[in-house]
Amino acid sequence: MIATMGMVGAVVLPLFNIALMTRIRRRKSSNDISMVWTIGVFSCVLIMLPSALVSTDLVFKLFSIINALLFSGVVYHVLRYRK
């Protein structure tokens, strides 16, 4: 039960990045999002990714892969819509 809940959380949490990308695209601006925060979070996600890839913990591995993919989209949108 706990592993299943963890797996659901690992999949659902990164999906909130889609809402952020949608908001940026709709407003055609990312000025309200800090570049320091964006690059800082993205750097940490990328630094953690190798550890996740070799981990035997499936929840950590799945979360890290999905989060790295979707947060890459956030970084792209923040940089693209920066005025």
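Every read-out reported here was derived from the displayed coordinates using simple, explicitly stated rules and does not represent laboratory data. None of these values were measured; they are calculated from a predicted model. Here Cβ is always computed from backbone atoms with ideal geometry, including for glycine, and neighbour counts include all displayed protein chains.
Here are the numbers:
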quantity	calculated
Global form of segment 1-69, assessed from the alpha-carbon gyration tensor, a/c cut-off 1.5	oblate
Difference of contour (0.36 nm per residue) and Cα-Cα distance, residue 80 to residue 37	13.9 nm
Degrees, to the nearest 10: 35-54 long Cα axis against longest axis of the chain	20
Dipole magnitude of the chain, debye to nearest 20 (Cβ charges: Lys/Arg +1, Asp/Glu -1, about Cα centre)	620
Label-to-label distance, nm, for residues given as residue 49 and residue 12 (7 Å Cα→Cβ offset)	2.6
